[in-house]
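Okay, structure first, notes after.
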Amino acid sequence: MKCYFLDKVTWQHSQALYHAAAHLGREALFILRPATPYVCLGFHQDAEVEIDLAFTRENDIPVFRREVGGGAVYLDGEQLFYQLIVRADRPGVPEDKAEFYRKFLAPVVETYREFGVEAEYKPVNDIIANGRKVSGNGAAEIEGMMVLVGNFIMDFNYEMMSKSLRVPDEKFRDKIFKTLQENMSTMLRETGKIPPTAALAESLRQRYFPLLGDLPLATEVEADIVAEADRLFAEMYADAWLFANDRRRPEARQVKIRDGVYVIQNMLKTPGGLVRVTAVQDEGVLRDVHLSGDFFFYPAQDLPLLERKLEGVLAESQAITQAAADFYAEQQVESPGVQPEDFARVLTPAA
């Protein structure tokens with residue numbers, strides 16, 4: 001297993017390389033940053049709901065949907081990414097996803113502290129300093145590989161992040177901007193300086209030794225990984241992938257509303273993230289359930305199966321909770337910070 005310190009790469013490779021390694025079954029630690037900005041969307045999010053696509057198009061900001069859950073974020077060269085890919089059955093890799101975060105984010109916390117940031121781990125997947133988030137992290141299981149992605153936020157463009165998100169009006173956008181400033185921090189803000197990326201990378205590499213063994217340093221990526229990255233990117237940087245989640249969402253305007261039939265559109269903030277729902281309640285049962293949001297769900301591809309499990313279920317809290325709980329037990333899925341009863345809460349807004 002190697003540590004690839006690449007520093008600046010194309011924005012495309014800043015996402016595609018770790019996807020490629022996972023799909024090829026190759027363990028690796030990538031440490032890199034994008035040469036140009038882009039917006040990255042969480043696996044379960046709807047692009048048209050979350051992103052101001054008119055703004056990103058007008059400003060030539062690419063939008064990419066990753067295979068890792070979590071929320072949309074504006075990414076640029078002021079953030080140094082770490083992308084860890086390990087076999088899910090590797091000795092020492094916890095099956096429980098919350099424990100996976102805790103264990104493999106510990107070296108990140110230690111690296112932050114080495115460079116003067118009073119960082120601490122905050123479940124489920126954040127690193128904070130002085131009450132503000134200084135690192136966003138996500139995990140996914142891809143082809144039997146566990147993937148952890150996150151960033152050292154050296155500096156951050158709060159304005160571009162707030163402009164990239166879809167909001168109802170400019171007053172709300174101002175609120176997003178102020179909230180980001182109040183709740184997200186950077187290495188520059190915490191310490192007054194930005195360390196060299198090579199120093200950050202080397203510290204993190206060494207701190208992973210106790211968990212992963214020696215990690216030989218590489219500054220170039222093997223040709224087969226690059227080729228797979230380019231192949232995957234060609235598939236993923238397309239509307240068919242970007243809007244895949246959106247296309248599962250029923251269009252409310254196409255649903256005929258009559259007595260006993262109405263559309264549910266609701267959202268719920270949980271410890272594991274925001275859960276959005278669109279569904280039809282038809283004579284007291286659920287139809288056309290669509291779930292999205294910035295939460296994490298493992299395996300990620302099983303979320304549509306939960307939607308189908310809820311099809312035809314009585315639109316009342318106990319029945320929805322039981323159906324979701326049965327699904328979790330049958331499929332052995334995990335969603336840290338999101339419980340079966342949360343789906344009942346978001347699907348019964350009038351209850």
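Structure data summary
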| item | result |
| --- | --- |
| DSSP beta bridge pairing in region 2-244, given as percent antiparallel to the nearest 5 | 70 percent |
| The chain - mean residue ellipticity at 222 nm from DSSP helices (-39,500 (n - 2.57) per run, n ≥ 4, rounded to 500) | -11000 deg cm²/dmol |
| Over region 248-347, relative contact order from alpha-carbon pairs under 8 Å, at least 6 apart, % | 26 percent |
| Region 2-244, relative contact order [Cα under 8 Å, separation at least 6], % | 26 percent |
| Backbone HN-Hα couplings from phi across region 214-222 [Karplus 6.51/-1.76/1.60, Hz, Gly and Pro as x] | 4, 10, x, 7, 10, 10, 10, 9, 4 |
| Built amide H within the under 5 Å cut-off of Lys122, gap 5+ | Ile127, Ile128 |
| Read-out Cα extents along the principal axes in Å, derived from the coordinates shown; its label in (1) 78, 56, 44; (2) 65, 47, 40; (3) 157, 46, 33 | (2) |
| Shape call, region 248-347: gyration tensor on alpha carbons, a/c limit 1.5 | prolate |
| For region 185-248 versus region 24-96, the gap between their alpha-carbon centres in whole angstrom | 9 Å |
| Amide proton proximity set for Glu334, modelled H, under 5 Å, gap of 5+ | Tyr298 |
| Mean separation of Cα contacts under 8 Å (6+ apart) over length of region 36-123, as relative contact order % | 27 percent |
| Pairs beyond 26 Å (Cα-Cα), from Lys122/Lys193; Lys122/Lys171; Lys178/Lys269; Lys103/Lys133; Lys171/Lys193; Lys163/Lys269 | Lys122/Lys171; Lys171/Lys193 |
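Here, each number is a calculation from the coordinates, and none is a lab measurement. Everything numeric in this text was worked out from a predicted model, so none of it was measured.
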